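Chemist: This is the structure I want to talk about, given as structure tokens.
The values are calculated or read from the model by the stated rules, or taken from the named source; none is laboratory data. What you are looking at is a predicted structure, and each value in this text was computed from that prediction instead of being measured. As a convention, Cβ positions derive from the backbone with ideal geometry for all residues, glycine included, and neighbour counts pool all protein chains shown. Note: areas computed on protein heavy atoms with side chains; ligands, DNA, RNA excluded. Shrake-Rupley method; radii C 1.70, N 1.55, O 1.52, S 1.80 Å.
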Amino acid sequence: MNEYKKYLFLKSAIEDLFGSDAWYALKESNHIPTWRKYGVKTLKAVGVAIAATVEISDDEWWHNIDKILSEGIERIKKDDNIDEIIATLAGTLIRVSFTQIGLMPNRKGSTNSGRLSKEEWRLNAFRSVIYTQTKEQKEHQFWSKQQRKIGVSAQLDLHDEYKQSKANIPYSEWCKNVKKA
């Protein structure tokens, strides 16, 4: 029987992605089609999120990401048990992660053990990853963190005070200046 705590971290991550219905579907499930459904849905969500989020990239990178995700989805559809589905999901996501960093290392047949040193893991030979944040994104991030910290009602009151102040600085800066961040 699939115990409640078995695969708990994965079940929780899938709940974060798809809500409580996903959690309840997987909670104590040994039903392989259910696990296949959420494994495939997770990889498809990764693909949709990448397509909706990555703004600058080259065609070969897109081809690599699409290939990795497609292969993972096809494998999950053929996997015979939950452990295989989870292994395919993990292997696919490792490949996607390293491809997003720069490239997936390939040390097959090598005696190089992949020591954990910067020289061994610099993966920007073909492309570089650049994370940027616009002013709007910074404000949105501040808004989200502040809301979790002080609550919606207090935040709305504070934002009203900001608007009434007619300050010519962003809300986040105003909050820091008046020590209400």
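Chemist: Counting just the residues of the range 69-89 that are under 22 Å from A13 (Cα atoms) and of a type in the set (K, R), which one comes out least open to solvent (accessible area, probe 1.4 Å)?
Modeler: Top of the filtered list is K77.
Chemist: Additional query: Quick one: which of T92, T99, T34, T42 is in contact with a helix residue (DSSP H, G or I) (Cβ under 9 Å, 6 or more places away or on another chain), β-branched (V, I, T) and either open to solvent by 20 Å² or more (accessible area, probe 1.4 Å) or on the phi > 0 side of the Ramachandran plot (or both)?
Modeler: Residue meeting the stated conditions: T34.
Chemist: Separate question: Of everything in the range 55-68, what is open to solvent by 40 Å² or more (accessible area, probe 1.4 Å) and not charged (D, E, K, R)? Give them in sequence order.
Modeler: I56, S57, W62, H63, N64
Chemist: Condition (residue is assigned to a loop (DSSP other than H, G, I, E, B) and either at pLDDT below 90 or closer than 30 Å to I101 by Cα (or both)) applied to the range 141-161: is it met by at least one residue?
Modeler: no
Chemist: I'd like the full set of residues that are closer than 12 Å to K41 by Cβ, hydrophobic (A, V, I, L, M, F, W, C) and more than 15 Å from the chain's Cα centre (by Cα), limited to the range 9-30.
Modeler: Listed by number, the residues that qualify are A22, A25, L26.
Chemist: Sticking with this one: Can you give me the number of residues within the range 16-31 that are of a type outside the set (S, T, N, Q) and either open to solvent by 60 Å² or more (accessible area, probe 1.4 Å) or not in a helix (DSSP H, G or I) (or both)?
Modeler: So the answer is 8.
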